[in-house]
Each structure stands twice: as structure tokens, then as C-alpha cells.
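Beneath this line is the structure, given in C-alpha cells, with notes to follow.
The values are calculated or read from the model by the stated rules, or taken from the named source; none is laboratory data. Just so it is clear, the structure is predicted and the values come from calculations on it, not from any experiment. Cβ placement follows ideal geometry from the backbone for every residue including glycine, while neighbour counts extend to all protein chains displayed.
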Ligand SMILES: Cc1ncc(COP(=O)(O)O)c(C=O)c1O
């Protein structure tokens with residue numbers, strides 16, 4: 001076993017990650033409150049304060065706990081939720097409901113009812129049936145519900161096909177075919193319980209260019225003009241979704257937030273001028289951009305298997321259950337051997353997870369120094385879509401989530417136990 005005291009260890013947000021691994025065990029999700037807050041503040045200075053009539057909602061699918069709701073609330077942002085569970089988390093955290101937007105391509109009646117009963121700020125309608133559902137529930141509860149209609153603008157993002165969403169052939173959004181969209185708009189306009197505020201699109205995730213936003217804006221603003229001409233309908237809002245790319249590896253050409261938001265604003269302003277329509281309130285919904293780089297995952301290296309002239313596999317005590325993204329989208333990550341941070345990498349190893357799946361590989365060909373059982377691996381940029389996508393595959397308990405704050409580190413989600421895995425089981429014989 002390596003003497004980890006002798007080597008310089010990797011620090012994250014000012015904390016010694018080897019110490020954290022020793023104290024809390026591995027695998028361990030580690031999140032920096034300061035990084036999350038600094039991202040929220042950048043949204044404030046470079047978007048909300050810079051451009052009039054703008055709003056930002058954190059896309060909570062990236063990472064959601066009640067503590068995260070508290071951080072987002074205190075930074076003054078709204079919240080995008082996409083299921084009853086995300087909505088319930090926000091309600092339990094006391095998040096201001098008027099700043100919550102409910103998404104989802106197949107919302108259930110119960111989810112709709114929970115949202116309407118709790119006066120959520122917006123429902124993003126994804127299918128015409130939802131308008132009937134909303135009308136029915138809102139009439140019963142004597143409410144008026146503000147909605148946006150999600151459209152598929154026919155523009156895909158240049159990203160993995162599982163995270164491109166704005167193309168015509170998509171499960172998300174109401175198709176822009178005239179008869180389909182007009183039916184939805186007329187239905188919404190004629191409902192006493194629905195107030196149609198505008199439209200929503202989300203072209204894709206982890207995008208490094210702004211062209212797909214600009215193309216989608218063109219399509220949607222043309223729709224605004226046509227709806228004004230055809231029905232006298234004036235859309236007051238446009239929601240351009242999330243999707244801003246973050247740093248995972250050195251191949252990612254990361255851009256600042258304003259690269260996206262300035263061009264979104266300019267495209268909307270220019271197009272409104274050209275079409276002679278009023279500039280709507282602009283809403284963005286970043287998820288990964290707020291929390292992705294704020295998180296790392298710590299693992300302990302176990303079996304190191306060298307296949308002569310072929311490859312060396314180093315297995316960790318987690319993998320696919322705590323981070324399914326490499327298996328799902330061939331997502332790439334960088335990582336360091338935290339207890340040998342000052343050792344020069346001189347070889348490549350492939351980091352394997354511990355699941356019974358050949359596809360459970362976290363990182364192919366990672367540059368490392370000599371590694372051995374007991375070393376601590378820190379995988380970087382795991383704050384988004386790791387904890388929120390985690391499973392118990394192979395009956396592996398989910399890791400704890402540790403928040404690094406100015407006042408010390410705090411466990412915000414306990415590590416699951418084997419008893420947790422059994423807690424919902426009933427044995428009928
Ligand atoms: C409607 C919507 N908004 C926002 C997001 C957040 O995307 P990202 O985390 O890439 O910013 C998503 C991601 O799937 C989405 O579907």
C-alpha cells in the first residue's frame with residue numbers, strides 16, 4: 001500500500017481530497033458551494049443585470065436536493081423541475097413556487113395537480129392533451145395557470161444524439177406544423193383557466209457553439225410574428241432552455257456564459273426589430289453549467305489488472321451506478337490520482353467500474369503515475385447528471401454527497417446502506 005502521507009494530494013475548493021476520502025469513505029460525491037454560487041452570480045452579472053427583462057431558472061435535473069434548492073433560492077434564481085419528485089423536493093425545501101417551472105413530455109395528472117395546487121409559476125406544455133388536463137384541474141381548483149408551449153424548432157444541437165432535443169424528430173415539444181401548433185394556441189387562448197405567456201425550446205445539452213440557439217430563435221420569432229398576424233396573439237416570454245457546455249476534458253472549447261447569452265439576446269432583439277414585434281422577456285435554464293464543474297467524485301482504486309501488451313485496467317469502488325454518463329453517451333472525463341498529485345504521469349490505465357457490465361468503464365486510457373490498490377482517484381466535473389442519474393444497479397448503495405462550504409464540509413445526502421436497499425421490499429412468502 002502506498003504511504004499517502006508522503007505525497008502531495010489534490011485539493012478541490014481548498015479541501016484536501018485524500019483527507020475527505022479517509023474521513024467519509026468512497027465513492028463520495030463532493031460539491032463546492034462556492035463554485036455553485038459563483039456560477040449563479042455570473043448569471044446575475046452577465047445576464048440578468050446586463051439585459052432587461054430576463055430571468056434564469058436552474059435546471060434541477062442536473063442535481064437536486066433540498067440543500068441545492070436553498071442555494072438556488074438564496075441566489076435569486078428560479079427552478080426548472082421535470083417530475084413530481086423534483087417538484088416535491090422544491091416544495092419540501094420551501095422554494096418559492098412562483099419561480100418554479102414544470103416541464104416534462106409526459107406529465108401525469110397527479111403531477112399537474114401538485115403543480116397547480118401549489119401555484120407553480122409556469123407549466124411548460126409539451127403536448128396538446130396537457131391543455132385539457134390543466135383546464136380541468138385549474139377549473140376544479142379555481143386557478144389560472146400561466147403556461148409556455150414547448151416547441152420542437154427543427155434545430156438539433158451539435159452534441160451526442162441522446163442529448164440533442166430540438167430537432168423535428170424529437171419526443172419533446174409540440175411540432176411546429178401550422179395546424180398542430182395553431183390548434184394548441186387556439187385551445188390555450190380560449191381557455192378561461194390558462195394564460196399563454198409564450199414558447200419554450202431547448203435545442204440540446206453541453207453545446208459549445210451558439211449557432212443552434214440562433215437558428216431556433218429565428219424559427220420561434222417567426223412564429224411570434226405569425227401568431228400576432230393570424231390571431232392577434234402577443235407572446236410576452238421566450239424560454240431558450242439550457243445546454244451551455246462545460247469543461248470535461250481538454251478537448252472541450254469552453255466559452256463564457258455571455259458567449260451564449262449575449263448572442264441569444266442579440267438574435268432576439270434583431271429579429272424582433274426586423275419583424276416589428278415587442279421584445280419578450282427572455283428566460284434561460286442552465287443546469288450543467290451551474291453545477292457540473294462544482295463537483296468531483298472520489299473513488300478508491302482496487303484491483304489493478306495488467307494484460308501484457310494490451311491494457312491495464314484499474315477498477316474503482318463505484319462506476320456505472322454513480323456515473324452512468326460514460327456508458328450512456330460515451331461521456332469523457334478527466335481524473336487525477338489524488339494522493340499522488342505531484343507524481344508525473346508516465347503510463348496509461350483504463351478506469352473500470354465495479355459493475356457486471358463490460359461497458360462500465362469510466363475513463364479509457366487515463367494518464368497516471370504508478371498506481372496501486374488503495375490510491376484515491378478524483379474524477380472531475382461530476383457535479384451534473386451523476387448523483388441525479390445514479391442507480392442501485394448490482395445492489396450498490398448510492399454514495400453520500402458532501403458539500404464543501406466556507407464553514408466546513410457538510411454531508412447533504414447520507415450514504416445509502418444495505419438496509420436502505422431492502423427498505424421497500426415486502427416478501428410475500
Ligand atoms: C428543458 C430543459 N431545460 C434545461 C435543461 C438543462 O440542460 P443543461 O444541463 O445542459 O444546461 C434541459 C436538459 O435536458 C432541458 O431538457
Is it true that some residue in the range 16-37 is within 16 Å of the ligand (Cβ to nearest atom), in a helix (DSSP H, G or I) and surrounded by fewer than 21 Cβ atoms within 10 Å (Cβ to Cβ)? yes
So for the range 298-310 (the condition being surrounded by fewer than 22 Cβ atoms within 10 Å (Cβ to Cβ) and not assigned by TED's automatic domain parsing to the domain that holds residue 340), does at least one residue qualify? no
Examine the range 279-288 for a residue that is more than 26 Å from residue 54 (Cα to Cα) and either within 16 Å of the ligand (Cβ to nearest atom) or outside any loop (DSSP other than H, G, I, E, B) (or both), and state whether such a residue exists. no
Does residue 314 count as away from the ligand (no atom under 16 Å from the Cβ) and part of a strand (DSSP E or B)? yes
Output for the range 227-246, where each listed residue is over 21 Å from residue 56 (Cα atoms) and either within 16 Å of the ligand (Cβ to nearest atom) or outside any loop (DSSP other than H, G, I, E, B) (or both): 227, 228, 229, 230, 231
Report whether or not residue 92 is free of Cβ contacts under 8 Å to residues at least 60 places away in the same chain, under 18 Å from residue 287 (Cα atoms) and surrounded by fewer than 19 Cβ atoms within 10 Å (Cβ to Cβ). no
